[in-house]
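Below is one structure, written out as structure tokens; the observations come after it.
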């Protein structure tokens, strides 16, 4: 249900769920459910969260409006100043109608459940060992780039925000700079699920003598926690995260959202919701990398993958870190043959680039390492690539970064396995 002058849609289709386009939590490290104040346990992905709303204003300072609405009885959760002007909060439907009638208010939209998926298995968690170059990092040419990922000395001066389950703040293989927590009922951005930590390592694990190395080794990673310990969150928590990134656009170069939804909405930058928030953040100079999704479908039916302002990433399978399709498929790696378009990856004209996304080893909770699969992992490679490019071209805006990545990409995989007639090129940072 949405009140306001922008879009009037039935409650069942107003906003679809966002889900992390990724992976399973290894059973031995599964986190206990914690649903905070929204009581999301047992609710279906995409379900309307009773009495939870996102309010956007036509203009002006949202603080006095939120304060006034609080006196009406709204329980304001988060005031939004940067990506959107408004607030998230809890109120019943009658009060939401009163808020919508306020001439200062543009839209009032019901919140919905978002969560991490668990479609793709992991072989388990391992302890640190001598540093290795993950196959995905090798496949995209990072060892040949200016940072020479894997030589034990590379470092990249850039900042990546990971909008996810948080990041293991004490992981010795990550340069964690800080973060924020947008999940009600919690007070820390430390990762309790593992997904965000895995993404951070693919993009930016340090180049040292243990563990793994990322595409942009040692880049500063910022934990923007929008999903809780059970992998649950909402549109409100995601919008809060985008708002934080936008407020820190002078620091953040790249923001990764390994999240996907099934309703692109009306597809413009004035929708009063997710698309508008992302458009504002991109206009502030932040490059967004987004997973295409794991449904083997056209990504144009998904959000935010369908938004032209982001870099949308699909996945290939690669098992030996090189082209040629010569490697056997390892046991437990279910995503297609070596050097093939991943069988689960979404595709189509809105997908900007491909990267490895099958059986990718990266950082995990408690200083460990785990191997996971999904377009989430593919997007993380591109987040690292974007950070590497920005470190060399600090004045490059998001459109320039996307064009540079697409121009440098190669066709060095089995193009015949692409499921449609829209050729998508493979990430290659060897010349960065």
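It is to be established whether one or more residues within region 240-255 are outside the structural domain of residue 82 (by TED's automatic domain parsing) and modelled with pLDDT under 85. Within region 240-255, not a single residue is outside the structural domain of residue 82 (by TED's automatic domain parsing) and modelled with pLDDT under 85. When only residues in region 330-343 that are at pLDDT 95 or above and on the phi < 0 side of the Ramachandran plot count, which is surrounded by the most Cβ atoms within 10 Å (Cβ to Cβ)? Residue satisfying both the conditions and the ranking: 342. The set of residues from region 279-294 being in a loop (DSSP other than H, G, I, E, B) and crowded, with 19+ Cβ neighbours inside 10 Å comprises 286, 292, 293, 294.
When residue 335 is tested against the conditions (1) out of contact with any helix residue (DSSP H, G or I) (no Cβ under 7 Å at 6 or more places or on another chain); (2) over 30 Å from residue 135 (Cβ atoms), the lone failure is (2). Among the candidates 135, 197, 165, 187, the residue that is without any contact (Cβ under 8 Å) to a residue 12 or more places away in the chain, touching a strand residue (DSSP E or B) at 6+ places or on another chain (Cβ under 9 Å) and on the phi < 0 side of the Ramachandran plot is uniquely 187.
Conditions (1) more than 17 Å from residue 199 (Cβ to Cβ); (2) not assigned by TED's automatic domain parsing to the domain that holds residue 305, marked per residue:
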residue	(1), (2)
349	yes, no
365	no, no
371	no, no
375	no, no
381	no, no
398	yes, no
401	yes, no
406	yes, no
422	yes, yes
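For the condition surrounded by fewer than 17 Cβ atoms within 10 Å (Cβ to Cβ), out of contact with any helix residue (DSSP H, G or I) (no Cβ under 9 Å at 6 or more places or on another chain) and either assigned by TED's automatic domain parsing to the domain that holds residue 237 or modelled with pLDDT under 95 (or both), residue 127 does not qualify.
When the strands (runs of 3 or more DSSP E) confined to region 161-258 are screened for residues that are surrounded by 24 or more Cβ atoms within 10 Å (Cβ to Cβ), those reaching at least 3 such residues are found at 220-225, 232-234, 254-257.
Among the residues of region 48-100, those that are farther than 23 Å from residue 115 by Cα and crowded, with 20+ Cβ neighbours inside 10 Å comprise 56, 57, 62, 65, 66, 69, 74, 85, 86, 96, 99.
So is residue 154 out of contact with any helix residue (DSSP H, G or I) (no Cβ under 7 Å at 6 or more places or on another chain), buried (at least 20 other Cβ atoms within 10 Å of the Cβ) and assigned to a loop (DSSP other than H, G, I, E, B) or not? Yes, satisfied.
The values are calculated or read from the model by the stated rules, or taken from the named source; none is laboratory data. What you see is a predicted model; the values in this text were computed from it and never measured. Because the Cβ atoms are built from the backbone with ideal geometry, glycine has one as well, and the counts that use them run over all protein chains shown.
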